[in-house]
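The values are calculated or read from the model by the stated rules, or taken from the named source; none is laboratory data. Predicted, not measured: the structure shown is a model, and the values here were computed from it. Cβ: placed from backbone, ideal geometry, glycine included. Neighbour counts: every protein chain shown.
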Amino acid sequence: MTALGFLYPGHCAEDDYPRIEQLLGSDIRLDLVRTDAGEDAHRVDTLRELGSPERLAQGVEELRLSGAEAVVWACTSGSFVHGWEGAHEQVRALARAAGMPASATSFGFVHAVREIEVRRVAVAATYPADVTGLFVDFLRAGGVETVGGHSVGAVTAAEAARWGEPEILALAREADVPDAEAVLLPDTALRTASHIPALEKDLGKPVLTANQVTVWEALRLTDRRVNAPSLGALFTREPIVQV
């Protein structure tokens, strides 16, 4: 049994994690601890506070007691708003506090893009344009080129959490361009675990979504390989690239 730990802000799409655990169909347990989300707003200042060391530390002890072997900060925007170096420092502090390997969803996207061997992506974001721009900057720092994209401008995570497959598919279609080799949906507030095969079939290319990538990143940290086609192209490849 491999136990994977996740720190997830608030209550939006946390039910994606038991769904993914079921879809993995393996001896893997996903342990999720909710952190204090504070003000629900897609603003840079609130997103920086969302991933503060104090807030992340609140859930660390519970994950240690659960037997987790690795921890991922399951919030893309609460990581990339700190920039490439700042996000690295955030993860290093989390690893020290947890006493185990640590990462964040934002790094999961960079590693997952490398895993599926693409370089040019489209970003389908629920965020306002300025926040999406910071994600594009983060991807660029990780060697990923953004060639297309769309920002909805959702003010809160709760707004994104109300979306179903039609809205998510429309967002992905709006962002996609012919030059993009994959489409990224970076918001962990979107419930996407059940929709990835439909998204990939419609777009005809790999789709990486935040909660899917978060779980894959935790597996990467523990050097686990899982074949789970119902979770998309990312989970049908053989090796997990160690970076």
Tell me, please, whether a residue that is basic (Lys, Arg) and within 29 Å of residue 36 (Cα to Cα) can be found in region 159-166.
yes
Could you tell me whether any residue of region 75-94 is basic (Lys, Arg) and out of contact with any strand residue (DSSP E or B) (no Cβ under 6 Å at 6 or more places or on another chain)?
yes
List the helices (runs of 4 or more DSSP H) inside region 28-126, counting only whole elements, that have at least 3 residues being free of Cβ contacts under 8 Å to residues at least 12 places away in the same chain and outside the structural domain of residue 204 (by TED's automatic domain parsing).
44-50, 53-66, 83-98
Residue 180 vs. criteria farther than 16 Å from residue 16 by Cα, assigned by TED's automatic domain parsing to the domain that holds residue 148 and in a loop (DSSP other than H, G, I, E, B):
yes
State which residue pairs qualify: first residue crowded, with 22+ Cβ neighbours inside 10 Å and assigned to a strand (DSSP E or B) and inside region 1-21, second residue acidic (Asp, Glu) and modelled with pLDDT under 90 in any location, beta carbons under 6 Å apart, and separation of 6 or more residues or different chains.
8/14
Counting only residues that are of a type in the set (Lys, Arg) and closer than 19 Å to residue 16 by Cβ, which one in region 195-236 is surrounded by the most Cβ atoms within 10 Å (Cβ to Cβ)?
220
Quick one: count up the residues across region 48-84 that are of a type outside the set (S, T, N, Q), modelled with pLDDT of 90 or more and within 18 Å of the chain's Cα centre (by Cα).
12
Can you pull out the residues in region 151-186 that are among the charged types (D, E, K, R), surrounded by 16 or more Cβ atoms within 10 Å (Cβ to Cβ) and either within 17 Å of residue 118 (Cα to Cα) or modelled with pLDDT of 95 or more (or both)?
176, 181
Say whether the condition of being closer than 18 Å to residue 103 by Cα and modelled with pLDDT of 85 or more is met by at least one residue in region 38-47.
no
